[in-house]
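The values are calculated or read from the model by the stated rules, or taken from the named source; none is laboratory data. As the structure is a computational prediction, the values presented were derived from the model and not from experiment. When we count neighbours, we look across all protein chains shown, and the Cβ atoms used for this are built from the backbone with ideal geometry, even at glycine.
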Amino acid sequence: MADLERTIQIIFNGDDRISETIRKVDNRLNDLNTVAVNVATPFAHLTDVILKVDAALGLLAAGGLIYAYKKSVDFESATVDLQKVIDKEPEKLGAAQKAAMELSAQYGESSSKILQSTANFVQAGFTVDESMKLTKNALNLVIAGDIEASQASELLVAALKGFKAPASDAARLIDVLNEVSNKYATNTEELARGMAGIAPIAKIMGFSFEETAGILTPVIEVFRSGDEAAIALKTGLLKLLDDSEPVRKALAQIGVSQKDSNGHLRSGRDILMDVAKAFHTVDENQKLFLTKEIVGIEQSARMVEVFNNLSKSAEITAVAMNAAVSASQEVQIRLASSESVLKRFATGFENLGVIVGDQFSISVTKAVSGGVEIENSLQKIVSDRTFKPIFDAFNSFSDKLGIFLSGVAKAMPEAFKNVNFNPLIDAFGSLGDEIKSFFGDLDLTKPDDYSGLICQDQFFNFCSIFLN
């Protein structure tokens, strides 16, 4: 109870018995402040230095040098990726960088992305020279086929690797994709996806680029997906070679044999062509049944399009056979457009940034590295517990302050319960009477008295009191 009385005396009676304690705490805090200032001063100087560096970097940004530095870093990153995969031809690095810049200026694509594309082709097993040519082929596919650069490279690699075709065949493949998509209801991307997906099976069964495009396109025209067409054809072509009884019976029903006169298994390509020819003599209902028996119900709808469109496949193949320079001609037309000219202008500015950034990138990188070392040193100082005494002292003070304030908070409810508020309540009660007495005999609750007051000087005196 003694603590409760002391708390009440401090709060309501102004008892000053703790002043001496407060002064002692204040002196301790002043001492702590002096120490803190001494410790913080070096960091304040460091902050000044950082602000000056930041201001200097701001000036660089105003001159476009930060942009140049960033573009230089991007190009350097692509260079490092290429350098990692050309260990057998390190002398070709400079030529690849130069080719990337030239292709960038010609096509309006990022030189860093072009160099990265070259690295991807090298990683896929092509030589540096082949990869530089393939990069240009991929750019033609990007421009003519309106495909993303990374996607174009991926599809080109998949198709070439699947057909076991040399890099020199890339231009022919792109011409086929471009010409067929120009003449039929497909697009370059879906046809490229189909070619990439079916390539390994098509190669084994003896199909050329042109013939593969011929059998894929009718399916893509109907089902709008190159991936689905490729899956259907893979399933269908493999099923044609299946020795299961349903397949043999269905083929025999239309006069098609899986084996030649010597008893050897025929190629899937030859069997497919014979089935397609035989379908001309089969009614529509029987076509669906036979296709289901041969390839299964899941792919029967798609393979009916293949079996039923031999003449169209032959027509598409003929178009593909005459597709030479189709892509390059379209690329030239598109590069002459206003959009491409503006794009090349923007890319030229980016390439200028690479060249400018190269002039000071090494020194800037060193400066940034120095800043990182400062940060690491500060982290090490804290981690090594150099500031532990300061942190411990501060934590101890905070703990004690928290305990004290918690004690005050706990005492306050009981303290307020014991406070006599009657004098204050009585004061509020008599206040109303005092307000009434201010106006003498006038009762402002009555309209006549109130209107009389407005005409008296007392009213204006009353107003001036409250306004002041």
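Odds and ends about this structure:
- Per the conditions (1) surrounded by fewer than 17 Cβ atoms within 10 Å (Cβ to Cβ); (2) over 44 Å from the mean Cα position of the chain (by Cα), the sole criterion not satisfied by Ile294 is (1).
- Any hit, segment 193-215, residues being in the same structural domain as Ala165 (by TED's automatic domain parsing), farther than 16 Å from Phe163 by Cα and crowded, with 18+ Cβ neighbours inside 10 Å: no
- Within segment 246-299, restricting attention to residues that are basic (Lys, Arg) and in a helix (DSSP H, G or I), the residue that is farthest from Gly214 (Cα to Cα) is Lys249.
- The set of residues from segment 136-162 being among the β-branched types (Val, Ile, Thr) and either farther than 22 Å from Asp87 by Cα or within 24 Å of the chain's Cα centre (by Cα) (or both) comprises Val142, Ile143, Ile147.
- Residues that are of a type in the set (Gly, Ala, Ser) and over 13 Å from Leu290 (Cα atoms) within segment 239-279 comprise Ser244, Ser257, Ser261, Gly263, Ser267, Gly268, listed in sequence order.
- On the stretch given as segment 219-229, residues that are surrounded by fewer than 24 Cβ atoms within 10 Å (Cβ to Cβ) and in a helix (DSSP H, G or I) total 5.
- One residue stands out in segment 81-105 among those that are small (Gly, Ala, Ser) and either outside any helix (DSSP H, G or I) or more than 27 Å from the chain's Cα centre (by Cα) (or both): the one that is nearest to Glu350 (Cα to Cα), namely Ala99.
- For segment 106-121, the set of residues classified as at negative phi, not hydroxyl-bearing (Ser, Thr, Tyr) and not in a helix (DSSP H, G or I) consists of Glu109 only.
- Condition check for Ser313: in contact (Cβ under 8 Å) with a residue 12 or more places away in the chain, in the same structural domain as Val256 (by TED's automatic domain parsing) and buried (at least 21 other Cβ atoms within 10 Å of the Cβ): yes
- Test: residue in segment 107-116 that is of a type in the set (S, T, N, Q) and within 26 Å of Lys164 (Cα to Cα): yes
- For the residues Phe394, Phe360, the requirement of being surrounded by 12 or more Cβ atoms within 10 Å (Cβ to Cβ) and modelled with pLDDT under 75 singles out Phe360.
- For Asp243: the one exception among (1) assigned to a loop (DSSP other than H, G, I, E, B); (2) in contact with a helix residue (DSSP H, G or I) (Cβ under 7 Å, 6 or more places away or on another chain); (3) charged (D, E, K, R): (2)
- You will find that of Val157, Val180, Val176, the residue that is crowded, with 20+ Cβ neighbours inside 10 Å and without any contact (Cβ under 8 Å) to a residue 40 or more places away in the chain is Val157 and no other.
- Any hit, segment 143-153, residues being in contact with a Gly (Cβ under 9 Å, 6 or more places away or on another chain), modelled with pLDDT under 95, hydrophobic (A, V, I, L, M, F, W, C) and within 25 Å of Glu211 (Cβ to Cβ): yes
- Among the candidates Ala367, Ala336, Ala327, the residue that is surrounded by 11 or more Cβ atoms within 10 Å (Cβ to Cβ), modelled with pLDDT of 80 or more and hydrophobic (A, V, I, L, M, F, W, C) is uniquely Ala327.
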